[in-house]
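To start, the structure under review is shown below, and the notes come after it.
The values are calculated or read from the model by the stated rules, or taken from the named source; none is laboratory data. Because the structure is a prediction, the values reported are computed rather than measured. In this analysis, Cβ positions are derived from the backbone assuming ideal geometry, glycine residues included, and neighbour counts consider all displayed protein chains.
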Amino acid sequence: MSDIQAVLRQRITDALTMPIPALTKRDVRLPEVTGKAHAVIGMRRSGKSTFLWQCLAERLAAGTPREALLYLNLEDERLNGMTAADLGGVIEEWFRQIPGIRDRTRATLFLDEVQLIPGWETVARRIIDQEKIDLFLSGSSAHLLSSEIATSMRGRALPTTVYPFSFRETLRHAGQEPAKPWNRLPKAERSDLDARLRHYLLAGGFPEVQGVPDRDRAALLRSYVDVAVLRDVIERHAVSHPVALRWLQRHLLSTAGGLFSVQKCWETMRSQGLAVGKDSVHAWLAHLEDCFLVRTLSIATTSERRRMVNPRKSYPIDPGLIQVWSRSPEAQTGHALETTVLIELLRRGQDVDYVKTDEGPEIDFLARDHAGKETLIQVSSDTTNAETLAREVRALVAESQRRPGAESLLITMDVIPPRVSGGIRWMAAAEWLLHGGQ
């Protein structure tokens, strides 16, 4: 028996009796499709490993025997040099230690950091095709991208994205999740939730950031971004001009909700002496999205050409990143709220674009659910200024006339409901984030 096989044998023995760690329940939906592996993806430090443990705990609570649930984190220096054959041997060693389990029940295998094993895809495909085992996979965004899952697993895996904590999940993590609907909460509790939302817009939802002092939070978030850009973009794609890439990263994170044009960005880089090709900027933008650092939106149109030539809007994956890179502190709340609403829409499985009305003003989001229902959404941190409110409402009214089946929704941080008409529905931001999708 090789040293690696001996380590694996001991790791399996330990894993089958390992207590389930304390965790905060995540509101993440798994696809309900049988015969497929679950590939858990998302930005680094967003809680993918913890979510695997949650899935294990849920299956245990549903009656699956503990010995039929095996979680293995393959990030272990003792496993350096592990091969696909070694990984395939995990199944036989597991069933050797638990005789008869193969026939008694359907087992579940959770492989974390699976990308560290060369050829893992062939083993995963064999497990799906030949074993009575449900398979969960997770790993670094540098090697486990949704596009590559589709290719390497040949249709045998479906991705599930884990984002940083939502507002509700941060409350749950702190033991402050409200038990009642918004309209049944007393005013004092609503005010407390509004204050907590303002803190969330500042600190964001990365699990490890929760409770970290303000002076340390920025350094921690910077380290997340630095590692993601270095490992998932620069090293993985052999970027030859990292200075220009870092300039692009800073630009995108400092202009949340802003319009982004590759052409203009490329011209700006060249004017600053950064000699890069336009194709490189296109590629870097795609890589930054692949590692979940940013999300971008296209203009809402049926014309593919118009989608291609119009600027995109870019947002960080978490509102906490805005404070670290924003050059306009006074605008942070509005940009952070807009970012939070977008990420929540993506969490809820919505397809999202932005709208440029014929009259000129923009509508932040056009969201479509799985049934095709459309919602026009304007997000504003403060509409106490009459001119601001009129601008937001005017765009919604104009576009709703062109989309008669779409709901018009205004989401703000206002405490007192603004006066809106024209079929527009208003919701307080905290209410929408807590209950708007239920």
Exercise. Only residues in the range 335-352 that are free of Cβ contacts under 8 Å to residues at least 40 places away in the same chain and surrounded by fewer than 24 Cβ atoms within 10 Å (Cβ to Cβ) count as the first member; pair them with residues that are assigned to a helix (DSSP H, G or I) and not charged (D, E, K, R), Cβ under 9 angstrom, at least 6 apart or cross-chain, and list the lot.
Key: Asp351/Leu345
Quiz item: Just for the range 183-206: of the residues that are touching a residue at least 40 places away in the same chain (Cβ under 8 Å) and crowded, with 18+ Cβ neighbours inside 10 Å, which one is farthest from Glu289 (Cα to Cα)?
Solution: Leu193
Quiz prompt | Any hit, the range 92-107, residues being modelled with pLDDT of 95 or more, within 30 Å of the chain's Cα centre (by Cα) and either in the same structural domain as Ala157 (by TED's automatic domain parsing) or buried (at least 18 other Cβ atoms within 10 Å of the Cβ) (or both) | solution = yes
Quiz item: Which of the residues that make up the range 1-46 are small (Gly, Ala, Ser), in contact (Cβ under 8 Å) with a residue 24 or more places away in the chain and under 29 Å from Pro316 (Cβ atoms)?
Solution: Ala39, Gly42, Ser46
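Looking at Glu75, Glu58, can you tell me which residue is within 27 Å of Asp129 (Cβ to Cβ) and not in a loop (DSSP other than H, G, I, E, B)?
Every option except Glu58 fails the conditions.
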Quiz item: Out of curiosity, is Arg29 in a loop (DSSP other than H, G, I, E, B) and within 30 Å of Glu177 (Cα to Cα)?
Solution: yes
Practice problem: Answer yes or no as to whether Thr296 is over 28 Å from Lys48 (Cα atoms), of a type in the set (S, T, N, Q), in the same structural domain as Asp214 (by TED's automatic domain parsing) and outside any helix (DSSP H, G or I). | Solution: no
Self-check item: Count - residues of the range 61-85 that are among the aliphatic types (A, V, I, L, M), under 16 Å from Asp14 (Cβ atoms) and in contact with a strand residue (DSSP E or B) (Cβ under 9 Å, 6 or more places away or on another chain)
Solution: 4
